[in-house]
Amino acid sequence: MQTILNTADQPAHDSLVEKKSEFIGDAAHVDSLDEALAFVASIREQHPKARHVAYAAVCGGADGRLSERMSDDGEPSGTAGKPILDVLKQSGTTDCVIAVTRYFGGILLGSGGLVRAYSSAASMALKTARVARIMTARRYRIRLDYPQLARFQQILAQLDGRQEDEEYAADIRLTAVIPADATARFEERVRETFNAAITPEPVDMVNIPVPLD
């Protein structure tokens, strides 16, 4: 699967005109459907005179399940939100929202015309986005003594892991994110390197965007 790196404040953007109606596509990375709704609300604020702001969003996949949400926003059922959702699903894109804003030009497009216009605007926005592949990973909580940190970081680097959420006090508490296919090796290396003095605590599975070269 893939995602995009464009943020909500700098979304991927493109537009088209079909029979005097303008269709404006905006696509952004989101980590939840709530973030997707907030993004759509921000697009509405930017276009207060627009007739419709239809959207679709897909999130998840780290645990094998995807969550979806869409809206036609007053267009005939199935002519706006679903075509946008189909663009996301057919491209294998997750953790993403696409909003398509329509300024009505006075000419009716019919159901087929609306489907093509919303689909095209969504596809165009997605094509302008910065794409990243999805790496499924497991997040661990780790507690270390200061002398152990450098060796632990070597293990992370060897397995393409990453470190986040560090807390430095009497000891070090951090979160490690490990590619899903390397978790068994990670747990084994930590156990052997520190003679079982450190036990990584599994937290959850997450999607990590990895930029394409």
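Brief remarks follow.
- Residues located in region 96-119, provided they are of a type outside the set (Val, Ile, Thr), under 23 Å from Ala57 (Cβ atoms) and open to solvent by less than 50 Å² (accessible area, probe 1.4 Å): Cys96, Ala99, Arg102, Leu114, Ala117, Tyr118, Ser119
- Residues in region 7-49 that are part of a strand (DSSP E or B), open to solvent by less than 60 Å² (accessible area, probe 1.4 Å) and either out of contact with any His (no Cβ under 9 Å at 6 or more places or on another chain) or under 20 Å from Thr94 (Cβ atoms) (or both): Ala12, Asp14, Ser15, Leu16, Ser21, Phe23, Gly25, Asp26, Ala27, Ala28, His29.
- In region 118-136, the residues that are over 24 Å from Ala180 (Cα atoms) never reach a residue that is of a type in the set (Gly, Ala, Ser) and open to solvent by 50 Å² or more (accessible area, probe 1.4 Å) with C-beta atoms less than 9 angstrom apart, at least six apart or across chains.
- Close pairs (6 angstrom Cβ cut-off, 6 or more residues apart or separate chains): closer than 17 Å to Ile134 by Cα in region 169-183, part of a helix (DSSP H, G or I) anywhere: Ile178/Phe186
- In region 65-153, counting only strands (runs of 3 or more DSSP E) that sit wholly within it, the ones holding 3 or more residues that are in contact with a Ser or Thr (Cβ under 9 Å, 6 or more places away or on another chain) and at pLDDT 95 or above span 96-103, 131-144.
- Residues of region 148-171 satisfying the condition of being acidic (Asp, Glu) and open to solvent by less than 90 Å² (accessible area, probe 1.4 Å): Glu164, Glu166, Asp171
- Taking the numbered list (1) assigned to a strand (DSSP E or B); (2) at positive phi in turn, Glu164 passes all entries but (2).
- Screening Thr175, Thr183 for residues that are out of contact with any Asp or Glu (no Cβ under 9 Å at 6 or more places or on another chain) and modelled with pLDDT of 95 or more leaves exactly one candidate, Thr183.
The values are calculated or read from the model by the stated rules, or taken from the named source; none is laboratory data. Every value quoted in this text rests on a predicted model; they were computed, and no experiment measured them. Because the Cβ atoms are built from the backbone with ideal geometry, glycine has one as well, and the counts that use them run over all protein chains shown. We work out accessible area using only protein heavy atoms, side chains counted, and drop any ligands, DNA or RNA first. Shrake-Rupley method; radii C 1.70, N 1.55, O 1.52, S 1.80 Å.
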